[in-house]
Amino acid sequence: MTGVDADLLERVRRRLAVEAGAGTASPGPAVIADAIRAESAGLLGDTDLLAALRYLQTEMVGVGRLEVLLADPEVTDVLVVGPRVWADRGDGPELTDVTFDDEASVRRLAARLALGAGRRLDDAQPWVDGRLAGVGRNAAQVRLHAVIPPLAPDGTCISLRVLRSATHDYRALVDSGSIAAEVSRLVADVIAARLAFLVVGGTGAGKTTVLGSLLGLAEPTQRILCVEDAPELDPRHPHVVRLVARAANVEGVGEVTVRMLVRQALRMRPDRIVVGEVRGAEVIDLLTALNTGHEGCAGTLHANSIAEVPARMEALAALGGMGRTALHSQLGPAIQVILGVARTAGGQRRLAEIGVVERDDSGLVRVVPAWCADGGFTDRRASLERLVGRRS
């Protein structure tokens, strides 16, 4: 806290809340200082006034005391449970020195962040899922999720995912070992041959980074339509058009889904359609696009291995009413290559598997490994090279 009376700080906080309710913008230093003087009847000395000002600025402006964590370029996630705060720098969540005074201060922060995302967070709406723009000193895009008691009995939970643009160059990934040198030429040939591919992996494995670098290898004359739930893809390519989904507003209207945007992308003369993450019924529209002459399309998919891709896509297609047989009949000719990424025990993100999509005797699709980081090439290498050769 500060050396200033807690009751005074609470009165100042209430005064500022009333002014904000009357239409005043987020309070600046001068507004906060005036409120402190008014509530203390001018009896505070300069030292106490500055201490109260610093404390209230932290409590009432922006992301408050989480600012120092979100400004760290290594931090990907900030997680708050009650007064405790964790940060993930690539090796899993670690408890930080940042703490909150009490549950009330965490809840106030959560409510303020929800408001910044155009949402509400209260007893009638006890959770929020949204996106914050221009957060912290680095003006980062941040995905917000928060849930309050009694749904979260251990205290208000805030989850912040920092969305940094994936602008890594393909050559840089090869030089760093994220993409093994022995397959770097073959992977580049997959892009040049305009084979359709998915990048799959777990949370934080580097799917978006790898996808962005690969799109940078596309011919400069090709028009790439990127459809995302949050703006992360930023490939180094001269002709990229980005479409970003929009959640519903406080009244529950105005939502624009990824599936809607995929349909719009089909009408925008694309050479390649890219879905930042296939996570719902938009998989049906993506497969439709892939089967109507749009070669070289791509996307990312949350799956722990390339072998899980067919089952994962079955589940997503079911959300849109597509059955298993129909999904496999579309998937077979639509996708040729699956790239699996993973995070090593040391925290490095790397290309771990390359798979070829094949159809078995029953008509169902399976993904067969052509290369593994720990075992090298398999007998399916020739199949992959034939695919590249035919398209080239």
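Quick notes on this one:
- For residue 229, distant residues with modelled amide H under 5 Å away: 245, 276, 277
- The residues packed around residue 269, meaning those with a beta-carbon under 15 Å from its beta-carbon, carry a net charge of +2 if Lys and Arg are +1 and Asp and Glu are -1.
- Across the options 208, 193, 227, the greatest Cα extent toward the positive end of the charge dipole of region 168-248 (unit charges at beta carbon of Lys, Arg, Asp, Glu) belongs to 227.
- For region 249-358, diffusion coefficient by Stokes-Einstein and Kirkwood Rh (Cα), 37 °C, 0.692 mPa s, µm²/s: 217 µm²/s
- Under-5 Å amide H pairs with residue 179, H placed in peptide plane, nonlocal only: 174, 351
- For 157, 297, 226, order by how many other beta-carbon atoms lie within 10 Å, fewest first: 157, 297, 226
- Sorted by Cβ density within 10 Å, fewest first, the residues 178, 383: 383, 178
- Taking θ as phi - 60° and the Karplus parameters 6.51, -1.76 and 1.60, the scalar couplings of region 188-201 work out to 4, 5, 4, 5, 5, 7, 6, 6, 7, 8, 10, 9, 10, x Hz in sequence order, x denoting glycine and proline.
- Efficiency of FRET from Cβ geometry, residue 246 and residue 267, R₀ 22 Å, rounded to 0.05: 0.75
- ³J(HN,Hα), Karplus 6.51/-1.76/1.60, whole Hz, each residue of region 67-84, x for Gly, Pro: 3, 5, 7, 5, 7, 6, x, 7, 7, 9, 9, 10, 10, 10, 10, x, x, 9
- Region 166-191-region 350-392 distance, computed between alpha-carbon centres (Å): 18 Å
- R0 of 30 Å, Cβ-Cβ distance residue 151-residue 344: FRET efficiency to nearest 0.05: 0.25
- Given R0 = 56 Å, the distance between the Cβ atoms of residue 11 and residue 304 translates into a calculated FRET efficiency of 0.60.
- Residues 228, 94, 251, 103 in ascending order of nearby Cβ atoms (within 10 Å, fewest first): 251, 94, 103, 228.
- Projected area, mean over directions - region 168-234, Cα convex hull, nm²: 4.9 nm²
- Cα gyration tensor shape of region 63-163, rounded if a/c is under 1.5, else prolate or oblate by comparing a/b with b/c: oblate
Just so you know, all these numbers are worked out from the coordinates, no wet-lab data involved. Quick caveat: nothing in here was measured; it's all calculated off a predicted structure. Glycine gets a Cβ as well: all are built from the backbone with ideal geometry, and neighbour counts include every protein chain shown.
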